[in-house]
Structure formats: C-alpha cells, structure tokens
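What follows is a set of notes on a single structure, which appears directly below.
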Amino acid sequence: MIMAERYASGEKTEIGSYLFTAARIVHFAERFDPQRFHLDAEAAKSSLFGGLCASGWHTCAAWMKTFVAYWSAECARLASEGIKPPKLGPSPGFTKLQWLRPVFADEEVTYSVTLLSSRPLVSRPGRRLNTIFCEGVLADGTPVVRFESTVIEFE
C-alpha cells in the first residue's frame, strides 16, 4: 500500500502528547543542550525566558518519540485489518524548523503530522518520497515547534 493512497494529502493526524516535566527537561539538557535555562530553574528565572524551559532539540526529539509510538500502533492496527502498512525508511532531512515559543516545565505538547505530498523516486523504483508537516502545540492551540520532513517509503 502506498501512503498517499491511505492518507489524504493535507489531512492532519494527531500522533500523541508529551509532558515536559522539570526532571525531563534537565535530564535532556544535561546530555545534549547544557544551557542554564534548561538546567537550573533558579538560574533560568534571570534568563531571557524567565523560567526553566525545554531545549528546542528536546521538543523535536519528543515529536520523534510520539511519531514512532504512533506509527508502530498504526502499523499494528492496519495489519489487524488485513492491510499491509506502508514501510517507512530513513529521512533524507528536514527544512523550515521553527521553535515558535519556549516550552516550560509542566507544559504538555500535542504533536501532529500532515502528509503534504508523495512522489515516486525515479532513480529508485519501488520507493517514494513523502513530505510531511510536523507540529507541536500546547493545550490552547499555541504552536511551539514546526518543521517539514521527508521520509522514504519502500516496498
């Protein structure tokens, strides 16, 4: 099955949520983005952000975590219906990454994906290049992160 045959272009699908606790923010920052406003709630008060906030890279990693969980469940659901799910492979990259608003401790971000386009790879028969719009929003609908990504689909 080709992804574009199953999922309508422009259709937004919610893929899951992630709660950014202070502990999670600090844990990620200690390993990957050790800036004071990600590491220390007291020091963060005097920063530009005014409080402990997640690394933008953390918001992207959380999108990936929710997508992998969503896609695994979606593949199982399709298989249970007797439908062969699309196989998604690596991503050749992403563009237009925007961190629109800091994510503070104890805020939950809900992530989504929208299929923008799908085209066959002429140089690689049996493979397609899907372009997706990825977004994370707060409960009130305020967007905090967005980017476009490509992912290879194969037989």
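Worth a mention:
- Taking the numbered list (1) modelled with pLDDT under 95; (2) in a strand (DSSP E or B) in turn, Ala8 passes all entries but (2).
- Residue, farthest from Ala41 (Cα to Cα), within region 136-155, restricted to residues that are of a type outside the set (A, V, I, L, M) and buried (at least 20 other Cβ atoms within 10 Å of the Cβ): Glu153
- Yes/no for Ser112 being at pLDDT below 95 and under 20 Å from the mean Cα position of the chain (by Cα): no
- Scope region 75-128; condition assigned to a loop (DSSP other than H, G, I, E, B) and among the hydrophobic types (A, V, I, L, M, F, W, C); matching residues: Ile83, Leu100, Val103, Ala105, Leu121, Val122
One line per residue, one yes/no per condition, for (1) aliphatic (A, V, I, L, M); (2) under 28 Å from Ile132 (Cβ atoms):
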residue: Gly16; (1), (2): no, yes
residue: Ile25; (1), (2): yes, yes
residue: Ala29; (1), (2): yes, yes
residue: Lys45; (1), (2): no, no
residue: Leu48; (1), (2): yes, no
residue: Trp57; (1), (2): no, yes
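- Annotation note: Cβ proximity below 6 Å between a residue of region 24-49 that is outside any helix (DSSP H, G or I) and a residue that is hydroxyl-bearing (Ser, Thr, Tyr) and surrounded by 13 or more Cβ atoms within 10 Å (Cβ to Cβ) (sequence gap 6+ or interchain) occurs for Asp33/Ser55.
- Output for region 11-54, where each listed residue is touching a Lys or Arg at 6+ places or on another chain (Cβ under 8 Å) and either at pLDDT below 95 or over 20 Å from Arg101 (Cβ atoms) (or both): Ala43
- Within region 50-70, tally of residues that are without any contact (Cβ under 8 Å) to a residue 24 or more places away in the chain and either touching a Phe, Trp or Tyr at 6+ places or on another chain (Cβ under 8 Å) or part of a helix (DSSP H, G or I) (or both): 2
- One residue alone among Ala41, Ala62, Ala29 is in contact with a strand residue (DSSP E or B) (Cβ under 8 Å, 6 or more places away or on another chain) and surrounded by 13 or more Cβ atoms within 10 Å (Cβ to Cβ), and that residue is Ala62.
- For Phe147, the conditions (1) part of a strand (DSSP E or B); (2) at pLDDT 95 or above; (3) more than 12 Å from Phe94 (Cβ to Cβ) are fulfilled apart from (3).
The values are calculated or read from the model by the stated rules, or taken from the named source; none is laboratory data. Everything numeric in this text was worked out from a predicted model, so none of it was measured. No Cβ is skipped: glycine too gets one built from the backbone with ideal geometry, and neighbour counts run over all protein chains shown.
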